[in-house]
Each structure stands twice: as structure tokens, then as C-alpha cells.
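Read through the structure below, which is laid out as C-alpha cells, and then see the notes.
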Amino acid sequence: MSGLNPRDVRTADDARRVVEARNLSHVKIGFLDLDGVMVGKYMHRDKFFAALDGGFAFCDVVLGWDSKDELYDNTRYTGWHTGYPDAQLRVLPESCREVPFEGDMLLFMAEFTERAEAICPRGLLRRVLGRAAEMGFSVHGSLEYEFFMFQETPESVREKGFRNLRPLTPDMMGYSMLRSSVHAELYHELLELSQRMDFPIEGLHTETGPGVLEAAIGVDEALAAGDKAALFKTFTKVWAQRRGLMATFMAKWSPDYPGQSGHIHLSMKHLESGESAFYDADAEHSMSAIQRHFVAGQQRLMPEFLAMFAPTINSYTRLIPGFWAPTDATWGVENRTTALRVIPGSAKSQRVEYRLGSADANPYLALAAAIGAGLYGIEQGLEPDTAVTGNAYELDHPEHQALPRTLWEAAQRLKASTPARGLFGDDFVEHFAATREWEEREFRRHITDWELDRYFEII
């Protein structure tokens, strides 16, 4: 085995050395599609070595189909009308990681280039962070996810029609020491996995709901934070299924329990000095003018960018009062009933938590939207609305703070958003909005159990 730690790989030459030292015939290549699903393949070392310098090609259908491999019929970028040609990708040597379940196997991540770069989720985040750098800022972030664990398999959930599923543990029992101690082996395995694959979990505990856990991933530079979130979601599911269990990041799997969030913590530093751009010891709540403008931009654009945080039909079943999910574009200081929670602290800890997003969001897109909106607020010198004190669910809010209630409405707001087009580009906005419209259309083709129960006999 190579003396070079995979997480120390930085260059193409480093990547070649570690692959050669492990005598690998193949490596794994992975990247995220628009729905946040990691796709990829095993690649022969010779092809991989060539790809390190010249990139590689992959069928662009992965940008032209939904999470069930159904082909979009309403997008211009790719489709039957283009013949689904290859798109180009670049290998990211610095993303090298061990795959714990596969001996000495290595995983490298990739991102789209050339024409496809315009709609590449990781590329979008990278461009937004480039804008931040041009403004003189570096951005750090972390994501925390809630997810349900079930004593089920991919086969059993389908045999049951996704009903009467057996959770890992019964009852609500948030923050339970009992549950984490009884199932200590599972917790330890997940924590070890997070360390080995470098998406370190800084906090892991039970949440409210049977079998629900919450994991907070350690803070990092924002692009790396997106990578770590993508890897966490993918390999938590891999680990669970190899254990005869299933993990779901679906926004809400049952009407009886709170939905699953994907909260984003963000902070910024001045590039030149390295000092916090959010912290001002003399200001109220230690909020610098830059942080105020940042929060104001996030608040202002939340209704327009909602589709990037709540990208599925199911996402909108979570956004209802009383279930720990925001229902309007509100903000407050240390207030968990608002969409944006400002967390006062020190120069090291001053930050904002974007609480709107659900666990089903693509982490790259959610980060790009949360950061991009904040940068817009700084550029425009925006000021936030009055901060909410008390229970945001019980208060009346201005009409402009209202969030779209359906995925279709959210897609229309995104498509009509001038700031979105300025931040993300017309190609991305048009393509992503079309994919969300498709998702809504697919939903409307189906008859739900609720409809049958409500109308079958009585109407």
C-alpha cells in the first residue's frame, strides 16, 4: 500500500502514484446529477490516467433524466432531439478517498466541463464561490442532516408497498442516550466511516421520531463542504444497506412525524485578512453590516430560490406549520422557528443557519443558492426585515415573505427570477426549472391513496 494518504492527493501525479502503489486495476469515479444522486462507474487505470490530464466522456443522459431514469421531454440541453451525446468531465485528484468496503479501492469525484458545465451542480457552486472571491470573501459551511433508519431492505420496502415499515427503533426519544448506547455498534461504525472517508461527523444523535438520527458534518471550505455532504448521504445509504438496513433522506416519509431537514451553516472571512466578515463585537448580536446584508439577501430571494432547497414533490409536505420547518422567509436570532437563524458568537463562530432546506436537496445546489442569495444582498446593500421574536408559526408575516406552496409554483418563481439568472446563468435556470416542472407533471399522472379514500365511494 502506498505511503501517500489518499486525502493527501492533490495533483494528477499524486493520483497516479497512489493508484500504482496500491496496484489497482480500476478506480471508482463518481459525480452528482441534478437530483443529488451520485452516479459513476469503475474505470480502468489506463483510462483513468489519461482522464487525469484530458478528462473523460460520459453520456449526458444523466443530466436528462429524473431519479427513476425517466427521460425529460421538456428540456433543451439534451434529449431525443440531441441523441444523448457524451459530455465531458474532469477528474478531481484532491477528492481521492478510500472506499472502506472494497479493500484498497479508491474513489475520485468529477465534475462536468465545456457545455455541460453550465448545468453541473458542483460547477454551479464553484462559480458562486468564485463570485465571492471576486468580492473579497471566502465562504465556509457545514450541513447537518436528519434521516430515518429502517430495519428493511430495498426488496422488503417494495414488497410492502412502502407501508408498515419497521423503524430501527420505536417511539420519539430525541437525544436519547438509551438508544445510542443500545445500538452503539451502529453509531460507532457510521462515525468510523465518516472519519475514513473524510466527511467527519461532529455530532450524531437521535432526533424526534422512530428511528430518526441527525448528523452534523464538520465545517469546511464551502466547496469541500458540498463534497462531504454528497459523500455522507451516498455512503450512509451504502453502509446501511450493507448492514441489512435502509436510510432515507426523503423530506417526509410519514404524515405522523416531522420532516427531515438539511440545515446549512455558513460563515465568511475576508480573503486578505482572514478575519470574520460576519462578526462585529460592537454591533447588536455581533452582526456586522456584511452579515446583515447577507441575511437580507437570503431572506429576499428565498421565495425565488425555493426550488433549489425543496426540489421534490415530497419536499412541500414538510413545509407546514408546527413540524419544525419554516413556512415563510423569516429570520431571527437564535430562533429555531424561523427560516434563517442568526447565531451570535465569536469571530470564529458567528454564522447564519439556513433552516429552510430539506434533506432531499442536492447539497451543491442548496449551498449555491444560500451563498448566492447572501452575496446578492451584499452587492445590493439590502437590509433584512424586522427579526422575529417568539414563535414564527403563530405570527402574521408580510406577503412578500410567503413561500411557494408547490414545486410547480417554486419552479415558476425560479424561472422568472432575474437574480437567479444573474447568479446561476440562463442555461442552468431554464434547465433546472424544466426538470422541476417535469417532476410535478409526473406526480399529476398518479392517483394517491388519499384521493381514493376521499372520493372513491362518496362522490
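Worth a mention:
- Lys, Arg +1 and Asp, Glu -1 on Cβ, resulting dipole of the chain about Cα centre, debye, nearest 20: 620
- Sparse-neighbour loop sites [trypsin sites (Lys or Arg not before Pro); the stretch 369-440; at most 15 other C-beta within 10 Å; DSSP]: Arg405
- Going by neighbour counts of Cβ atoms within 10 Å, the residues Phe456, Phe150, Phe31 line up, fewest first, as Phe456, Phe150, Phe31.
- This ranking places Thr317, Thr11 by how few other beta-carbon atoms lie within 10 Å of each, fewest first, which gives Thr11, Thr317.
- Restricting the stretch 14-103 to trypsin sites (Lys or Arg not before Pro) that sit in a DSSP loop and have at most 13 other Cβ atoms within 10 Å of their own Cβ leaves Lys68, Arg76.
- Summing charges over neighbours of Arg10, with a neighbour being any other residue whose Cβ is under 13 Å away from its Cβ, gives -1 when K and R count +1 and D and E count -1.
- Global form of the stretch 221-335, assessed from the alpha-carbon gyration tensor, a/c cut-off 1.5: oblate
- DSSP-loop GluC sites (Glu not before Pro) across the stretch 271-358, with at most 12 other Cβ within 10 angstrom: Glu272, Glu275, Glu334
- Shape of the chain, Cα gyration tensor, a/c cut at 1.5: rounded
- Centroid-to-centroid separation of the stretch 191-220 and the stretch 101-153 [C-alpha atoms, Å]: 17
- Mean residue ellipticity (222 nm) of the chain, computed from DSSP H runs ≥ 4 via -39,500 (n - 2.57), nearest 500: -11000 deg cm²/dmol
- For the stretch 53-202, the residue among Val91, Ala116, Gly54 whose Cα projects farthest onto the positive side of the dipole built from Cβ charges is Ala116.
- Cβ-based exposure ranking for Phe148, Phe249, in which fewest neighbours within 10 Å come first: Phe249, Phe148
- For the stretch 6-116, the Cβ-based charge dipole about the Cα centre amounts to some 280 debye (Lys, Arg positive; Asp, Glu negative; other atoms uncharged).
- Dipole orientation for the chain: of the candidates Val388, Pro303, Gly274, Gly274 has the Cα lying most toward the positive pole (charges on Cβ; Lys, Arg +1; Asp, Glu -1).
- Each of Phe235, Gly422, Met287 was placed along the dipole of the chain (beta-carbon charges, centred on the mean Cα), and the one lying farthest toward the positive end is Phe235.
- Between the stretch 385-459 and the stretch 19-90, the Cα center-to-center distance that results, in Å: 30
- When only Cα pairs below 8 angstrom with a gap of at least 6 residues are kept, the stretch 129-453 shows a relative contact order of 18 percent.
- Unit Cα scatterers, Debye sum, the stretch 6-116: log10 I(q)/I(0) for q = 0.21 Å⁻¹: -1.08
- Shape of the stretch 131-177, Cα gyration tensor, a/c cut at 1.5: oblate
- Partner lysines for Lys160 [C-alpha distance under 29 Å; skip if fewer than 8 residues away on the same chain]: Lys68, Lys233, Lys237, Lys252
- Across the stretch 6-116, the relative contact order, built from alpha-carbon pairs under 8 Å that are at least six residues apart, equals 32 percent.
No lab work stands behind these numbers, since they all come straight from the coordinates. Computed from a prediction, not measured in an experiment: that's the story for all the values here. Every residue, glycine as well, gets a Cβ built from its backbone with ideal geometry; the counts of neighbours run over all protein chains shown.
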